[in-house]
Amino acid sequence: MEPAEASVGPNLVIERTIRDVSQIVRGKPEAVRLCVMGLLARGHVLLEDVPGVGKTTLARALAESVGGGFGRVQMTADLLPADIIGGPVLDRSSGELNFRPGPIFNNVVLADELNRATPRTQSGLLEAMAERSVSVDGRTHALPEPFFVIATQNPSDHHGVYRLPQSQLDRFLVRTSLGYPDEETELQLLLGEGATPSSEPRLTQDVLARLQTAVDQVRLESSVAKYLRSIADRTRAHAELEIGVSTRGLLALGQAARARALMEGRDFVSPDDVRALVVPVLAHRVVVAGGRGNEREEAEALLEEIANAVEPPV
């Protein structure tokens, strides 16, 4: 880490973090920025794409940029909730059952191929992501702070995957994808011209805590709040959407916009912050009526249409 990292401006620390991650995951600046934004907003990130395009690489690179514990869970059909959250283990010396924490008890948790696990196992993440705690045998165990889940999932039409329920999807602040790299990036990879990660994390736990507090202090004026609500109202009344944006989704968009404003070096949310995040923050929270065709593409197109129809404040 560069000297006096914690003393420089917040947006400079953020840009250095983005630069480090982008050296590993090349050619995907927007996806990297969205992931860092999710971290700053105390949210969780879902990466959805076909296998082999760098989802896990991005998740690992982001985890390595953050100080603290890192846990990885490879989701499979035979995984149990206890494999994620932990459970009671017999202490042979005392004869008592003691709780042994699972990989969820880390600052950054990578849930790889989340939708390969059964719904029962997926539910093991639900309380952790929502409450930042887990309950086992009637006792609640707090998770470490900061706590950030970055999950990957394969497209829903792939073999051997389980559809994520809306309650699970709603726990992710943002959903994004990577897509195939461009020609230059793939040629660099073929020629072995990979980048070496930064030797130390940019975001120590103290620095990250200060940045997250700074996000909370970013101003959201009433005119921008009304703009946010107008977008949510349109989703609830739209004939082609069976389920519109919930209050939780509306709050998530506001918090994400605060994080984006901080990343841009501002202490206030602009309508541009909101407009830029409508699709990545809201598209996975709505349900297209009839469930026809590619639901993800349809949901994103409808959100774009709604966002374009709502007039931003001047």
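The values are calculated or read from the model by the stated rules, or taken from the named source; none is laboratory data. None of the values given here were measured: they were computed from a predicted structure. Methodologically, a virtual Cβ is constructed for each residue, glycine included, from the backbone with ideal geometry; neighbour enumeration extends over all protein chains shown. Note: areas computed on protein heavy atoms with side chains; ligands, DNA, RNA excluded. Shrake-Rupley method; radii C 1.70, N 1.55, O 1.52, S 1.80 Å.
General remarks:
- Pairs of Cα atoms nearer than 8 Å and 6+ residues apart set the relative contact order; for the stretch 251-314 it is 29 percent.
- All other residues whose Cβ lies under 9 angstrom from that of Pro103 are scored, Lys and Arg at +1 and Asp and Glu at -1, for a net of 0.
- Sites Thr57 and Thr213 - FRET efficiency at Förster radius 45 Å, r taken between beta-carbons, to 0.05: 0.90
- Computed from backbone phi with θ = phi - 60° and the Karplus coefficients 6.51, -1.76 and 1.60, the 3J(HN,Hα) list for the stretch 266-278 is 10, 10, 9, 8, 9, x, 5, 4, 5, 4, 5, 10, 4 Hz; x is used for glycine and proline.
- From largest to smallest, the equivalent ellipsoid semi-axes obtained for the stretch 1-157 from the alpha-carbon gyration tensor read 30, 21, 12 Å.
- Apportionment of accessible area to carbon and sulfur, the stretch 206-314, percent (1.4 Å): 49
- Karplus-derived HN-Hα couplings along the stretch 107-120 (A = 6.51, B = -1.76, C = 1.60, θ = phi - 60°), whole Hz, x at Gly and Pro: 5, 10, 10, 9, 9, 7, 6, 3, 7, 7, 7, 5, x, 4
- Within the listed set Leu90, Leu58, Leu40, the residue fluctuating most in the Gaussian network model of the chain (springs between alpha-carbon atoms under 10 angstrom) is Leu90.
- Each label was represented as a point 7 Å from its Cα along the Cα-to-Cβ direction; for Glu183 and Ser93 these points are 6.5 nm apart.
- Amide H to amide H distances under 5 Å link Val174 with His44, Leu46, where only residues 5 or more positions off or on other chains count and H is placed in the peptide plane.
- Ligands, DNA and RNA left out, the 1.4 Å accessible surface of the stretch 1-157 is 50% carbon and sulfur atoms.
- Where the stretch 230-314 is the region considered: accessible area per residue in Å², 1.4 Å probe: 45
- Translational diffusion of the stretch 257-314, µm² s⁻¹ [Kirkwood Rh, Cα pairs; Stokes-Einstein; 4 °C; 1.567 mPa s]: 103
- In this rough spin-label picture, where each label sits 7 Å from Cα along the Cβ direction, the Ile243-Glu304 distance is 2.4 nm.
- Cα-based convex hull volume of the stretch 209-314 per residue, rounded to whole Å³: 95
- Annotation: per residue accessible area for the stretch 60-145 equals 49 Å², rounded to a whole number [probe 1.4 Å, protein chains only].
- The string of couplings for the stretch 226-237 from the Karplus curve (6.51, -1.76, 1.60, θ = phi - 60°) is 5, 4, 4, 5, 5, 5, 4, 4, 4, 5, 6, 9 Hz, one whole number per residue in order, with x for Gly and Pro.
- If you take the alpha carbon atoms of the chain and fit the smallest convex hull around them, that volume is 164 Å³ per residue.
- Fraction of beta bridges assigned by DSSP in the chain that are antiparallel (%, nearest 5): 40
- Taking amide H as placed 1.01 Å from N in the peptide plane, Thr118 has its amide H under 5 Å from the amide H of Leu79, each at least 5 places away in sequence or on another chain.
- Residues with amide H under 5 Å from that of Val288, placed H, sequence gap 5 or more: Glu242
- Taking a sphere under 12 Å around the Cβ of Arg275 and counting the other residues whose Cβ falls inside, with K and R at +1 and D and E at -1, yields a net charge of -3.
- For the chain, the relative contact order is 22 percent, taking Cα pairs closer than 8 Å that sit 6 or more residues apart in sequence and dividing their mean separation by the residue count.
- Averaging the Cα positions of each part gives two centres, and for the stretch 262-301 and the stretch 120-148 these lie 27 Å apart.
- Accessible area per residue in Å² at 1.4 Å probe, computed on the stretch 10-53: 33
- FRET efficiency for the Arg275 to Leu169 pair, using the beta carbon distance and R₀ = 30 Å, is estimated at 0.85.
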